[in-house]
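Undergrad: One structure, pasted below without further comment.
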């Protein structure tokens with residue numbers, strides 16, 4: 001029976017090499033190693049070095065493993081609960097981050113929604129005026145660089161502009177659907193996080209977070225000002241403990257060792273991000289042209305905010321249901337719509353682990369419908 005080609009935007013297709021790496025993990029006894037062992041620490045250090053080199057992450061940034069990007073929300077929310085956070089979002093995941101923070105720390109949480117076809121522009125946002133008028137400094141700005149729900153992105157160019165204009169504030173970036181597929185300037189933010197089930201081409205169950213030295217210094221300063229005492233009930237997600245263990249190439253609790261091993265194999269296997277990013281961008285341009293030439297309606301009309309790694313196509317409900325049914329019969333898995341676009345869109349993942357041949361099969365299928 002032919003294997004399905006999954007274009008679901010996460011969890012998505014894994015690298016085919018994962019099958020061999022799983023066998024290697026078993027043969028090398030990786031499934032049984034301790035997370036305080038030399039083998040694990042060497043694996044952690046290897047990933048760190050490859051991320052720094054291949055994804056151009058500054059060497060003074062701290063790389064931490066989590067269980068998911070969602071846990072990264074939790075860690076950042078709790079460790080900076082007294083600092084004002086300003087969330088700018090245009091889709092379901094950005095809003096979920098805001099809602100989660102607001103439910104726990106409403107006194108320090110502010111949000112502003114912008115339109116899906118608009119480029120993020122602080123000059124137009126009411127919340128930006130609140131940041132400017134706030135007597136508290138610094139503040140935290142929370143952005144979803146790639147909004148998976150509607151296939152939009154905040155371009156690296158815009159992120160650099162935000163960094164330039166808000167030098168005294170901290171910037172947190174959810175890059176779940178772009179990190180590993182798009183060339184990101186990590187110096188433009190103080191906290192970046194993602195999960196591996198998208199552009200890293202791995203099974204779900206592992207998150208990565210990168211923290212700037214300036215953010216860690218601010219965290220330590222806040223703790224000192226409060227005369228903070230270690231809370232044994234939340235210690236495992238306290239930033240001080242996470243950073244302490246990361247410096248030893250360890251985690252605070254028993255992690256997903258298998259997925260960390262698989263990540264080490266991926267980071268050895270993939271080329272530099274500049275090469276990957278060029279390939280993804282070129283393929284995205286080709287795909288958007290294909291959809292428009294074949295009279296599909298791309299959800300995002302403004303080309304400057306279209307995601308490079310996730311595409312959303314709009315269809316009415318009856319046609320959408322028929323298309324997905326026919327796709328399944330052809331062993332093609334289309335991504336469902338999400339949030340307010342759940343009933344009238346399908347989404348296509350354009351991740352590094354997808355091959356050009358798979359996209360040719362997809363285009364051949366869609367051109368007949």
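Undergrad: Can you give me the number of residues within segment 97-135 that are touching a helix residue (DSSP H, G or I) at 6+ places or on another chain (Cβ under 8 Å) and either exposed (fewer than 13 other Cβ atoms within 10 Å of the Cβ) or modelled with pLDDT of 80 or more (or both)?
TA: Residues flagged as touching a helix residue (DSSP H, G or I) at 6+ places or on another chain (Cβ under 8 Å) and either exposed (fewer than 13 other Cβ atoms within 10 Å of the Cβ) or modelled with pLDDT of 80 or more (or both) within segment 97-135 amount to 16.
Undergrad: Hey, can you tell me all the residues within segment 360-369 that are exposed (fewer than 13 other Cβ atoms within 10 Å of the Cβ) and part of a helix (DSSP H, G or I)?
TA: Correct list: 360, 364, 367.
Undergrad: Which members of segment 306-359 meet the condition of being in contact with a helix residue (DSSP H, G or I) (Cβ under 6 Å, 6 or more places away or on another chain) and assigned to a helix (DSSP H, G or I)?
TA: Answer for segment 306-359, where residues must be in contact with a helix residue (DSSP H, G or I) (Cβ under 6 Å, 6 or more places away or on another chain) and assigned to a helix (DSSP H, G or I): just 339.
Undergrad: Given the condition under 17 Å from residue 206 (Cα atoms) and surrounded by 13 or more Cβ atoms within 10 Å (Cβ to Cβ), answer yes or no: does some residue in segment 53-61 qualify?
TA: Looking for residues that are under 17 Å from residue 206 (Cα atoms) and surrounded by 13 or more Cβ atoms within 10 Å (Cβ to Cβ), one finds none in segment 53-61, hence no.
Undergrad: Answer yes or no: is there a residue in segment 300-320 that is closer than 30 Å to residue 271 by Cβ and surrounded by fewer than 12 Cβ atoms within 10 Å (Cβ to Cβ).
TA: yes
Undergrad: Okay, moving on. Which members of segment 1-52 meet the condition of being without any contact (Cβ under 8 Å) to a residue 24 or more places away in the chain, in a helix (DSSP H, G or I) and under 23 Å from residue 63 (Cβ atoms)?
TA: 38, 39, 49, 52
Matching residues to (1) more than 20 Å from the chain's Cα centre (by Cα); (2) within 25 Å of residue 238 (Cβ to Cβ):
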{"position": "5", "(1), (2)": "yes, no"}
{"position": "14", "(1), (2)": "no, no"}
{"position": "21", "(1), (2)": "yes, no"}
{"position": "50", "(1), (2)": "no, no"}
{"position": "57", "(1), (2)": "no, yes"}
{"position": "84", "(1), (2)": "yes, yes"}
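Yes/no per residue for (1) in the same structural domain as residue 147 (by TED's automatic domain parsing); (2) buried (at least 17 other Cβ atoms within 10 Å of the Cβ); (3) modelled with pLDDT under 95:
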residue	(1), (2), (3)
193	yes, yes, no
210	yes, yes, no
221	yes, no, yes
227	yes, no, yes
233	yes, no, yes
257	yes, yes, no
265	yes, yes, no
289	no, no, no
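The values are calculated or read from the model by the stated rules, or taken from the named source; none is laboratory data. These numbers were taken from a predicted model, which means no experiment stands behind them. Cβ: placed from backbone, ideal geometry, glycine included. Neighbour counts: every protein chain shown.
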